[in-house]
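Below is one structure, written out as C-alpha cells; comments come after it.
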Amino acid sequence: MTTFKRASKALTSKFSAIYTCNFHPVTSLSHFSYTLNASFCSRPRQNNKEASTIDLNQYPSDNIRNFSIIAHVDHGKSTLADRLLELTGTIRKGHGQPQYLDKLQVERERGITVKAQTATMFHRHKFLGSDTDFLLNLIDTPGHVDFSYEVSRSLAACQGALLVVDAAQGVQAQTVANFYLAFESNLAIIPVINKIDQPTADPDRVKTQLKSMFDLNPSDVLLTSAKTGLGLEHVLPAAIERIPPPPGKNTSPLRMLLLDSYYDEYKGVICHVAIVDGALHKGDKICSAATGQSYEVSDVGIMHPELVATGILLTGQVGYIVSGMRSTKEARVGDTLHHTRTVIQPLPGFKPAKHMVFSGLYPADGSDFEALNHAIERLTCNDASVSVTKESSTALGLGFRCGFLGLLHMDVFHQRLEQACSLSHFTMNMEHMSFRLFLQCHIFLSTQMEGMVAYLHVFTFLNALYQSYQSSSVSSFSRFYPCSKLQIQNPAALPSNPKNRLTACWEPTVIATIIIPSEYVGSVITLCAERRGEQLEYSFIDSQRAFMRYRMPLREIVVDFYNELKSITSGYASFDYEDSEYQASDLVKLDILLNGQPVDAMATIVHKSKAPRVGRELVEKLKKFIDRQMFEIIIQAAIGSKVIARETLSAMRKNVLAKCYGGDVTRKRKLLEKQKEGKKRMKRVGSVDIPQEAFHELLKVS
C-alpha cells in the first residue's frame, strides 16, 4: 500500500512539472506570460484555479467598455476579433483555429458568421495619466443581411461599434445598413479601414466615401491589417478613449437584459445577459418580467472566450447565467430579469423580427414528428428570429410552418437542423411570402313572409356567420358584402370556391440598396425593371461607384436576384434590403396537380404576368424528379380551373404479348385490354412519391 502511495506522489509531481501555466488575465501582449510545455494541447481549458484569479469587483463601470464589430460580408470582422483576442492575451497566438469565435459547423463550412459571439478581454492602458486595467466586452456580429437581427440585438448591449471597411472594396451595402443601425442606437462609431496590405488597397478613396456618406472625419479613421497585425495597436486605445462606459447604476435594483440563449444537454438553457443596473451573485433568486417565473442562479460568469465561472456580474458587464430553465420557451430574448420581490421598470427589449420567407418542414416518417419538434425547439432557443407554428398538409401530414428573415437564413437553419440535431429525413416545401388580400363573399338574404324570419348565409372559407334579418318589403334578394382584410402565409389557405372572389391583393415589398461600379448602371437598371422595381434614388458616391435605391416586390429578389446582379456586374455589386410596406399587385394562386389531385405543399402565389412561365418551369422540373410508375402520371399547373401547363410521365409498360408467338389476334387484344384495366385501377388507388430533391429544385424557380 505504501508503494502505491509513493508511486502516486511521484506521478503527480511529474505531471505538475510537465504542465506549468503562469497566466494573469489583466495583461497586454507585452506583459503576457504563458508557459505550456505540453505539446498535445491546442488551447488551454479554463480551469477553476484560473477562474478564481478573475476578480470582477476591481472593474467598476467606468473601467468597462462594451463594443461590437460591424461590417459588410468578408471585410475581416472575425479576423480582427482574433487579433484583438491575441493582443489582450485571451487566446494564444498561433494556437487554435482561425476565426476563433465562429464555432458552428455551418460557419466553418460556409466561411460566414451566423451567430453573434461575445468574448470578455482584459487590457491595461494608460488612461488619464495612470495605468488602468479595463474590462472589454467584444461582440463579433454577422455581416449578411439575413442576420441583421443578430446585429441589432448585439448593439443593444453596446455603447460603441467598430465599423470595419475593406480598403479595396470600400463602402458596400451592408456597411450602410449596419452604420444606420448603430447610428439609430446612439452608439459611438469608430471607423476602421482593414486590409491595407492588399495590392489594390486605396485607403484615401475609402476615407472620402466615409466622409461623403456618413460624415465621418477622415482623421478619426484607423488604418489596420488584421492579417499582418499592422496598426492594431491603435484599436483598443481608441475603443477605450472614444467609447463611453455603461450608463447603469450599481445602487439600483438588478435589471439585466436577456441577449441570447442556447440549450445544453447537462445544464439546460444557458442565457447570455447584459447587466444594466445592480449586481448578480451566484445563488440569487431571479424572476422573469415576461413569464413571471422564478429561478435560482446556479452558475454565473463571463465568456473568456469559453465559459468561466466568476460567481458575480456587476453593472455594465456581459456574461452568462445558468438558472435551471429546462424549456427553451422560458428563455425569451429581450426579456428583463430581476431579483424576486422587487419592483422594476422592464427594459424596452427588442423589436420583433419581421419574417420575409416562410417554409414548411415535415418529417419523412410520421413517427418522427416529436423528434423534429424537439430539434426545432432547441434551435429556436438559439435563434430567436425564427417563428414556428404547427400545420397540417394533405400531402405531407403534420409539420411546421417556419418564418425566416431571408433565403440564406432558411438554408442555414435547415443545415443546422441536419448537423446539430442529426435529422436528415425531413421534407422542406416551397418558400412563400406573407400576402394580404380582400375576399368578396356572396351573402344571400332570403326572407320567409309567414314568420318574418330571415336567414343570413355567409359563404367564406374562414367560417359561417349566422344572424337574423327581418324585412317586410322584399321577399327575396341577394347582396355582396366585403370581408375584412386577411393575411396569409400559406397559399393552400386560399379558397378554390369561385364564389369567394379576390377583390384586391397586396404583396410585401422591400427597399433595396445597390452599390455598383458606374459602368454597370445600364444593365442593373434593366434587371430591376424586369423585376418590377421602382427607382427611388440614384446618385454617385464618387467617380467610380453608383448608389441606387429601389422599391421591389420581395418575391422578385428572394431567390436568384442577387446571383444575377453579381453575374452582370462581374461580382463587384453589393446588395442589401430592408422590409417596406405592402403594395397592391395582380396576384394569382398557382396550383400543381398530380393526376388531377392538387398538392397543397406545392401551391404558390405568383404575379399574373409570370404565371405561364413559372407554371411551365414547375411541371418540367417535376417531370425530371418524379419516378415513373406502373401507371401514367399527369402533371399540371393550373390557375383555378384553367390548366396553363402540362407534362405527362408515361407508365412503365410490361410486354404482355411476349408469350404470344402467334395465334388469333383476339387473344392479344384480350391481354392488352386486361393490362389497360389494371393500369386504370392502379391509377385510382396508387400514390405518387415526391422526392426531397424535387422540393429543392422547385425553390429555385422564381
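The values are calculated or read from the model by the stated rules, or taken from the named source; none is laboratory data. Here the structure is a predicted model, which is why all the values come from computation and not from measurement. A quick note on method: Cβ atoms are made from the backbone with ideal geometry, for glycine too, and the neighbour counts reach across all protein chains shown. We work out accessible area using only protein heavy atoms, side chains counted, and drop any ligands, DNA or RNA first. Shrake-Rupley method; radii C 1.70, N 1.55, O 1.52, S 1.80 Å.
What the table below lists for this structure:
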| item | result |
| --- | --- |
| Qualifying residue in the stretch 294-307 (condition: open to solvent by 50 Å² or more (accessible area, probe 1.4 Å), part of a loop (DSSP other than H, G, I, E, B) and among the hydroxyl-bearing types (Ser, Thr, Tyr)) | yes |
| Index of the failed condition, Tyr180 passing every other in (1) touching a helix residue (DSSP H, G or I) at 6+ places or on another chain (Cβ under 8 Å); (2) of a type outside the set (Asp, Glu); (3) surrounded by fewer than 16 Cβ atoms within 10 Å (Cβ to Cβ) | (1) |
| Number of the condition not met by Ser252 [criteria: (1) small (Gly, Ala, Ser); (2) within 25 Å of the chain's Cα centre (by Cα); (3) over 14 Å from Gln159 (Cβ atoms)] | (2) |
| Exclusive hit being at pLDDT 80 or above and hydroxyl-bearing (Ser, Thr, Tyr), set Thr394, Thr389 | Thr389 |
| The stretch 644-667: number of residues that are in contact (Cβ under 8 Å) with a residue 12 or more places away in the chain and open to solvent by less than 90 Å² (accessible area, probe 1.4 Å) | 10 |
| Residue, nearest to Ser78 (Cα to Cα), within the stretch 312-325, restricted to residues that are touching a strand residue (DSSP E or B) at 6+ places or on another chain (Cβ under 6 Å) and assigned to a loop (DSSP other than H, G, I, E, B) | Gln317 |
| Qualifying residue in the stretch 585-597 (condition: within 28 Å of Val521 (Cα to Cα) and either at pLDDT 80 or above or open to solvent by less than 40 Å² (accessible area, probe 1.4 Å) (or both)) | yes |
| Residues satisfying the stated conditions in the stretch 68-108, i.e. without any contact (Cβ under 8 Å) to a residue 12 or more places away in the chain and either touching a strand residue (DSSP E or B) at 6+ places or on another chain (Cβ under 7 Å) or among the acidic types (Asp, Glu) (or both) | Glu107 |
| Unmet criterion (only one of (1) on the phi < 0 side of the Ramachandran plot; (2) open to solvent by less than 80 Å² (accessible area, probe 1.4 Å); (3) small (Gly, Ala, Ser)) for Ser219 | (2) |
| Filtered residues of the stretch 526-540 (kept if touching a residue at least 24 places away in the same chain (Cβ under 8 Å), open to solvent by 40 Å² or more (accessible area, probe 1.4 Å) and over 20 Å from Leu587 (Cβ atoms)) | Leu536 |
| Test for Asp284: is it acidic (Asp, Glu), open to solvent by less than 50 Å² (accessible area, probe 1.4 Å) and within 18 Å of Cys158 (Cα to Cα) | no |
| Residue in the stretch 342-356 that is free of Cβ contacts under 8 Å to residues at least 40 places away in the same chain and of a type in the set (Phe, Trp, Tyr) present | no |
| Residues located in the stretch 129-163, provided they are closer than 23 Å to Leu104 by Cα and β-branched (Val, Ile, Thr) | Ile139, Thr141, Val145, Val151 |
| Selection within the stretch 569-584 - buried (at least 17 other Cβ atoms within 10 Å of the Cβ) and aliphatic (A, V, I, L, M) | Ala573 |
| Strands (runs of 3 or more DSSP E) contained entirely in the stretch 173-277, each with at least 1 residues that are under 26 Å from Ala289 (Cα atoms) | 255-264, 268-277 |
| Index of the failed condition, Leu232 passing every other in (1) under 30 Å from Lys126 (Cα atoms); (2) in contact (Cβ under 8 Å) with a residue 60 or more places away in the chain; (3) in the same structural domain as Tyr320 (by the TED database); (4) open to solvent by 10 Å² or more (accessible area, probe 1.4 Å) | (3) |
| Unmet criterion (only one of (1) open to solvent by less than 40 Å² (accessible area, probe 1.4 Å); (2) part of a helix (DSSP H, G or I); (3) at pLDDT below 85) for Tyr562 | (1) |
| Long-range neighbours under 8 Å by Cβ, at least six apart or interchain, first residue touching a residue at least 12 places away in the same chain (Cβ under 8 Å) and under 13 Å from Phe67 (Cβ atoms) within the stretch 149-167, second of a type in the set (Lys, Arg) and surrounded by 24 or more Cβ atoms within 10 Å (Cβ to Cβ) | Gln159/Arg65; Gly160/Arg65; Val164/Lys77 |
| Residue match in the stretch 620-630 (condition: in contact with a Phe, Trp or Tyr (Cβ under 8 Å, 6 or more places away or on another chain) and open to solvent by 20 Å² or more (accessible area, probe 1.4 Å)) | no |
| Among residues of the stretch 334-359, those that are in a strand (DSSP E or B) and touching a Leu at 6+ places or on another chain (Cβ under 7 Å), counted | 5 |
| Yes/no for Ser543 being open to solvent by 20 Å² or more (accessible area, probe 1.4 Å), at pLDDT below 90 and not in a strand (DSSP E or B) | yes |
| Unique match (being closer than 22 Å to Asp82 by Cβ and crowded, with 20+ Cβ neighbours inside 10 Å) among Asp197, Asp166 | Asp166 |
| Which numbered condition Ala603 misses (of (1) farther than 30 Å from Ile633 by Cα; (2) at pLDDT below 85; (3) buried (at least 17 other Cβ atoms within 10 Å of the Cβ); (4) not β-branched (Val, Ile, Thr)) | (1) |
| Some residue of the stretch 581-589 being over 12 Å from Val510 (Cα atoms) and part of a loop (DSSP other than H, G, I, E, B) | yes |
| Residue list for the stretch 377-399, filter: part of a strand (DSSP E or B) and buried (at least 20 other Cβ atoms within 10 Å of the Cβ) | Gly399 |
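Yes or no, residue by residue, for (1) in contact with a strand residue (DSSP E or B) (Cβ under 9 Å, 6 or more places away or on another chain); (2) over 30 Å from Ser641 (Cα atoms):
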| residue | (1), (2) |
| --- | --- |
| Thr503 | yes, no |
| Val524 | yes, yes |
| Gly533 | yes, yes |
| Tyr538 | yes, yes |
| Glu564 | no, yes |
| Gly571 | no, yes |
| Ser580 | yes, yes |
| Ala601 | yes, no |
